[in-house]
Amino acid sequence: MEAEADVVIVGAGISGLATSLGLHRLGIRSLVLESSDSLRTTGFALTTWTNAWKALDALGLADSLRQQHVPLDGNVTSSRITGLQTFEMSFKAKGKHGNHEIRCVKRNLLLEGLANELPSGTIRFSSKVVSVDESGYFKLVHLADGTILKAKVLVGCDGVNSVVAKWLGFKQPAFTGRSAIRGCATFKSSHGVDPKFNQYFGNGIRSGAIPCDDTNVYWYITWTPSSQEKELEENPAQLKQYMLSKLGKIPDKVKAVVENTELDAFISSPLRYRHPWELLWGNISKGNACVAGDALHPMTPDIGQGGCCALEDSVVLARCLGEALLKNSGGERKDKEGEEGKEEYERIEMGLNKYANERRWRSFDLISTSRVVGFLQESNGKFMNFFRDKFFSPIMAGLLLKKSDFDCGKLSIS
């Protein structure tokens, strides 16, 4: 069975849904293919920094999410070894692009918010892409059920194991040797955790607790597990007890967050990233195909920019595609074969090249910074613990704000 679609987006995660919504705001219909049978909310929540709110404002979704999540006042870092606070920084500072805004957003509310703004039928679930090839000016997207979709534009938002990224020539993302456990605790009444980015470092472990609202707290632990520790991932109850034993000297109310987390409300996964130099000579776009989100720039979570960067991608990509697909006069679309089909293909190619050039160095910067910060935060030994607590904490806290002080621009087409 063969069907046609102007824009096919693979993956209904943050970047896929946000790109589709950006195109929808410009009057361009897209089809989003999702391999699972419903929206996937793995990860539970994400710290949404200033740059992400700029993107959400451009997409018209920010205000509804602001009403559901508390603003964070600042960043507090403490030692897991001594229990003492090592640094505190306010988020009320002003950046190049206005006041900073940081919240911890529940992933399901973000994905549902994006999906609910899309026209009915935009997302096609249980649609696993198995391969991609070409036919003239079109991409042929082959699904596991035998369906072949003929697309004018193919956008890969299909995560770290992206089929589209592989077609473009990217290698599989590398394993760092580190793992992350992420979870969300829901309380019947107020949890009492301060509305701050609460972080704890020491002995090779990094952890944190960040409130989403009055009753939900997102938390995480990252570390380099031994082979025996990796086996615990198969047993959530044992893994939870192990985590509690590894928390170190942290406040009781933060310990209570992990204790109150249900066994199905946390997940352990290895941390992966793309070598940043791959972005400098790799094909972010090729012809009428490109990648965005984790398919483009999988990174470690150490500066909290993975999802934020994906939202930036989506606005820039929608804007560049809008310029390519909409004519200057009245927004009328060309939909013919032959010479006009060639002209449209060339415009799409130019638009995607423009997107790739805008995102290449930004993605390189964020992947590289995340990797370095993660190394410093999880380094072990008395010297590194002392150096991090005394000197690196202010620098690393400042980097969080500096890297989020970015505006991807509006959706409007010039």
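The values are calculated or read from the model by the stated rules, or taken from the named source; none is laboratory data. Treat the numbers as computed from the prediction; the structure is a model and nothing was measured. Here Cβ is always computed from backbone atoms with ideal geometry, including for glycine, and neighbour counts include all displayed protein chains. Each accessible area value is taken on the protein alone, full model and side chains, heavy atoms only, with ligands, DNA and RNA left out. Shrake-Rupley method; radii C 1.70, N 1.55, O 1.52, S 1.80 Å.
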Output the residues belonging to region 311-328 that are touching a residue at least 24 places away in the same chain (Cβ under 8 Å) and open to solvent by 10 Å² or more (accessible area, probe 1.4 Å). ARG319, GLU323, LEU326
Please verify whether ALA318 is within 22 Å of THR50 (Cα to Cα), at pLDDT 80 or above and not acidic (Asp, Glu), treating the condition exactly as stated. yes
Out of all the residues in region 286-299, is one or more over 21 Å from VAL8 (Cβ atoms), touching a residue at least 12 places away in the same chain (Cβ under 8 Å) and touching a strand residue (DSSP E or B) at 6+ places or on another chain (Cβ under 6 Å)? yes
Exclusive hit being among the charged types (D, E, K, R), open to solvent by 40 Å² or more (accessible area, probe 1.4 Å), out of contact with any helix residue (DSSP H, G or I) (no Cβ under 6 Å at 6 or more places or on another chain) and free of Cβ contacts under 8 Å to residues at least 12 places away in the same chain, set LYS128, LYS106, LYS94: LYS94
Hey, does region 197-206 have a residue that's modelled with pLDDT of 95 or more, under 24 Å from the mean Cα position of the chain (by Cα) and over 30 Å from ASN288 (Cβ atoms)? yes
Does region 234-251 contain at least one residue that is open to solvent by 30 Å² or more (accessible area, probe 1.4 Å), at pLDDT 95 or above and in a helix (DSSP H, G or I)? no
Tally the residues that are open to solvent by less than 50 Å² (accessible area, probe 1.4 Å) and either of a type in the set (S, T, N, Q) or within 17 Å of CYS320 (Cβ to Cβ) (or both), restricting the search to region 7-45. 15
Somewhere in region 184-204, is a residue among the aromatic types (Phe, Trp, Tyr), part of a loop (DSSP other than H, G, I, E, B) and surrounded by 19 or more Cβ atoms within 10 Å (Cβ to Cβ)? no
